[in-house]
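Enquirer: Quick one: this structure, given as structure tokens, is what I'll be asking you about.
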Amino acid sequence: MDRFGNGKRYNSFVGYFRERYGERLQKIVIDAGFTCPNRDGTVSRGGCTYCDNRAFHPSYSTPDKSIALQIEEGIEFHKVRYRNACHYLAYFQPYSNTYAPLERLKEVYSQALSHPSVRGIVLGTRPDCIDEGKLDYLASLKEGREGFLDEEGRPPVVIVEYGIESCLDRTLRRINRGHDFKAACRAVEMTAERGIDCGAHFIFGLPGESREDMLGYAAEINRLPLLSVKFHQLQIVKGTRMEREFAEKRGDFVTFTLDGYIDFFVDFLELLKPDVFVERFAGEVPPRFVNETPWGLVRNVDLLRMLDECLERRNTFQGARLLEAV
């Protein structure tokens, strides 16, 4: 079955940039020294209960380095694995990368886009850290009106990636997100209205959510104008408030075995509209940040193989149950 033109039974994000822009564009993580409104007291303090940004921070990306230096070191880092990559995307990932005055954002993004090997920016942020003025500027960037054109006169790639995490307000309150799901929907809609590509991130296994609650995310995602989605199973990071909550109220958490998660995600894919790209469906933080690795040290390539095999075994695909309902 090649329903999606990529040899997969789901709409994989792998190859998206090559197909749309004619080449592989590898992301380089950039830490520009931003923070979050639920850390600095604007909304709350302490951040999200599950979060420790160090758990997904590559060694080359630290805010004491200039953006240009992080890009150079990131290129060297990725050359080992992606030798054919010639151009890159500056991925502003840690914390909330639209959480600053517009003039500061322009300065930061310009530093990245001025690098000759960078073809665009990806901005990880929160739904409550965006506004009309910032989105208007990002639309201007995407349309080439800010002058950052490549050798062929093409404007830069601009993608905004929102951490939404859950579609349930009770969960968002419990994990100290500091915004509700309505705010997330509005941010996605405002972004898409300007023609800016938009991604979103969700976590499966947050406290108080049942398997049925999580499957219910699909219907909410299907209503949103998203280019891509990322999913991640909850991992209990050492030193976080979530670690204490997990120890005290373990019965509030749905935990997945590896095989169980693969099977659950196939159920989810069947409910997910076929035109949204799946950029990631699981992940592992470095072992030093967790007390246990329930799945062992499984590699991403093995997770992808297991997903493909489960879809094949069940003879199903992304959006299958939506077609049944028609």
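Enquirer: Quick check: the distance between the Cα centres of region 139-153 and region 69-130, to the nearest angstrom?
Expert: Cα centroid to Cα centroid, the span is 16 Å.
Enquirer: Using only the alpha-carbon atoms, what does region 81-130 span along each of its principal axes? Please give whole angstrom values in decreasing order.
Expert: 37, 20, 12
Enquirer: Using the Karplus equation 6.51 cos²θ - 1.76 cosθ + 1.60 (θ = phi - 60°), what ³J(HN,Hα) coupling, rounded to whole Hz, does each residue of region 198-207 give in order, writing x for Gly and Pro?
Expert: After applying 6.51 cos²θ - 1.76 cosθ + 1.60, I find 9, x, 8, 10, 9, 10, 9, x, 5, x Hz.
Enquirer: So, one more: Provide Rg and Dmax in Å for region 92-210, with only Cα atoms included in the calculation.
Expert: Considering region 92-210 through its Cα atoms, Rg and Dmax are 15.5, 51 Å.
Enquirer: So with the 1.4 Å probe, I'd like the accessible area per residue for region 12-59, rounded to whole Å². Please report the intermediate quantities before stating the final value.
Expert: Values: 2270 Å² over 48 residues.
Result: 47 Å² per residue.
Enquirer: Can I ask one more? Exceeding 22 Å between C-alpha atoms, which entries from my cross-link table qualify? They are K27/K142; K8/K230; K8/K142; K230/K273; K27/K106.
Expert: K8/K142
Enquirer: For region 25-170, rounded, prolate or oblate, judged on the Cα gyration tensor with a ≥ b ≥ c (square roots of eigenvalues), a/c < 1.5 rounded, else prolate if a/b > b/c?
Expert: oblate
Enquirer: Ignoring ligands, DNA and RNA, what percent of the 1.4 Å accessible area of region 201-297 is carbon and sulfur? List each step's numbers first, then the result.
Expert: Details: 2080 of 4120 Å².
On region 201-297, the fraction of accessible area on carbon and sulfur atoms equals 50 percent.
Enquirer: Follow-up question, since we're still on this one. For the chain, what does the helix formula give at 222 nm: sum of -39500 (n - 2.57) over DSSP H segments with n ≥ 4, over the residue count, nearest 500 deg cm²/dmol?
Expert: Value at 222 nm, helices only, nearest 500: -10000 deg cm²/dmol.
Enquirer: Shifting gears a bit: If you average 1/r over all unlike Cα pairs in region 147-214 and invert the result, what Kirkwood radius do you get in angstrom?
Expert: Values: mean 1/r = 0.0717 Å⁻¹.
For region 147-214, the Kirkwood estimate is 13.9 Å.
Enquirer: Right, next: So how far, in whole Å, is the C-alpha centre of region 307-326 from the one of region 251-266?
Expert: 18
Enquirer: Can you pull the Rg over Rh of the chain, Cα-only, Kirkwood?
Expert: On the Cα set of the chain, Rg over Rh gives 0.94.
Enquirer: Still on this model: Give me Rg/Rg_expected for region 211-262, where Rg uses Cα atoms only and Rg_expected = 2.2 N^0.38 Å with N residues.
Expert: On the way: Rg = 14.0 Å, N = 52, 2.2 N^0.38 = 9.9 Å.
Rounded to two decimals, the normalised Rg is 1.41.
Enquirer: Using only alpha-carbon positions, what ratio does the radius of gyration of region 251-326 give when scaled by 2.2 N^0.38 Å?
Expert: It is 1.25.
Enquirer: Please give the per residue accessible area of region 72-178, computed with a probe of 1.4 Å over protein heavy atoms only, in Å². It would help to have the intermediate numbers written out before the result.
Expert: Working: 4670 Å² over 107 residues.
With all protein chains present, region 72-178 gives 44 Å² per residue.
Enquirer: Averaged per residue, what accessible area in Å² does region 189-326 show with a 1.4 Å probe, protein chains only? Don't skip to the answer; put the middle values down first.
Expert: Details: 6410 Å² over 138 residues.
In whole numbers, region 189-326 has 46 Å² accessible per residue.
Enquirer: Could you tell me the center-to-center distance, by alpha carbons, between region 156-232 and region 279-305 in angstrom?
Expert: If you average the Cα positions of each part, the centres end up 22 Å apart.
Enquirer: Rounded to the nearest percent, how much of the accessible area of region 1-68 (1.4 Å probe, protein heavy atoms only) is carbon and sulfur?
Expert: 48
The values are calculated or read from the model by the stated rules, or taken from the named source; none is laboratory data. Given the structure is predicted, the values throughout are model-derived calculations rather than measurements. Just so you know, the surface numbers come from the protein's heavy atoms only, side chains and all, with ligands and any DNA or RNA stripped out. Shrake-Rupley method; radii C 1.70, N 1.55, O 1.52, S 1.80 Å.
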